[in-house]
Amino acid sequence: KAGVTQTPRYLIKTRGQQVTLSCSPISGHRSVSWYQQTPGQGLQFLFEYFSETQRNKGNFPGRFSGRQFSNSRSEMNVSTLELGDSALYLCASSLYLAGGDTQYFGPGTRLTVL
Amino acid sequence: AQRVTQPEKLLSVFKGAPVELKCNYSYSGSPELFWYVQYSRQRLQLLLRHISRESIKGFTADLNKGETSFHLKKPFAQEEDSAMYYCALSGRGTGNQFYFGTGTSLTVIP
């Protein structure tokens, strides 16, 4: 099976702009989670979608939003970008995100905010 | 509050020496514990999980509920073990989010 894919791989934006990142899960996986990875904070959970519904949400401001489509593909959007949003954004998919389910990670999108 | 703590940001050991990466957690319930690894220029991937009780690449991890720890161990470190290691937990049942530690960067010195 093809792995989790994320597009674009790199993005450079300026403060105040908005950005949309895309994630295609492994075929058959219905749960998609998003994480922000930074050197100091590690992986911080943003949100998780299952069957087009947000099931879990991390402690991020409302500028961070997401959605999931009927084919399980997911997008996340960050509006009014700030310098601190520069990070690697990871997407992970799993079958159901049941206890013990493995999460499969994509390569990430490297966002740089200038 | 749910939390995963990896007290060591950096860890260096010599090749052939034993290695232990520490992980402590707090969780109100019965968690599932995992170790994920990220090798240089590769994506984050599962190393092992508590429920399968398996040994991957010589690594093992024992869940100690009394000490709320899930330390990762390997008796003889190899150079190819150099990577970033993340401890993670999730709740049992469906729809439980994952909580990750801040990671430990392991360097195995030849």
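Taking only alpha carbon atoms, the stretch B:43-98 gives an Rg to Rh ratio of 0.98, where Rh is the Kirkwood radius.
Give the residue list of GluC sites (Glu not before Pro) in the stretch B:1-66 that are DSSP loop and have at most 12 other beta-carbon atoms within 10 angstrom. Of the GluC sites (Glu not before Pro), the ones in loops of the stretch B:1-66 whose Cβ has at most 12 other Cβ atoms within 10 Å are B:Glu54. For the residues of B:44-51, the average number of beta carbons from a partner chain within 10 Å of their own beta carbon is 3. Each Lys and Arg contributes +1 and each Asp and Glu -1, all at the Cβ; summed about the Cα centre of chain A, the dipole is approximately 160 debye. Computed over chain A, the convex hull of the alpha-carbon atoms projects to a mean area of 6.7 nm². Peptide B:96-107 shows a mean partner chain C-beta count of 5 within 10 Å per residue C-beta. Other protein chain C-beta atoms within 10 Å of residue C-beta, averaged over A:65-74: 0. Which of B:Ala77, B:Ser105, A:Gly28 sits farthest toward the positive end of the charge dipole of the protein assembly as shown, with +1 on the Cβ of Lys and Arg and -1 on the Cβ of Asp and Glu? Most positive-ward Cα: A:Gly28.
Computed from point charges on the beta carbon alone (+1 for Lys and Arg, -1 for Asp and Glu), the dipole magnitude for the protein assembly as shown about its Cα centre is near 320 Debye.
Rg over Rh for chain B works out to 0.96, using Cα positions for both radii and the Kirkwood form for Rh. Principal axis extents of the Cα atoms in the protein assembly as shown, from largest to smallest and rounded to whole angstrom, are 49, 38, 36. Tally Lys/Arg at +1 and Asp/Glu at -1 over every other residue whose Cβ is under 15 Å from the Cβ of A:Leu81; what's the total? Once positives and negatives cancel, what remains is +2. About its Cα centre, chain B has a charge dipole of approximately 160 debye under the convention of +1 per Lys or Arg Cβ and -1 per Asp or Glu Cβ, with nothing else charged. Under 5 Å between amide hydrogens, built in the peptide plane, is the criterion, and for A:Asn56 it picks out A:Glu48 among residues at least 5 positions away or on other chains. Taking the charge dipole of the protein assembly as shown about its Cα centre, with +1 at Lys and Arg Cβ atoms and -1 at Asp and Glu Cβ atoms, the residue from B:Asn24, B:Ala1, A:Ser70 reaching farthest to the positive side is A:Ser70.
Taken together, the values in this text are just the output of simple stated rules run on the coordinates, not laboratory data. On a predicted model such as this, the values are computed, not experimentally measured, just so you know. We place every Cβ from the backbone using ideal geometry, glycine too, and count neighbours over all the protein chains shown.
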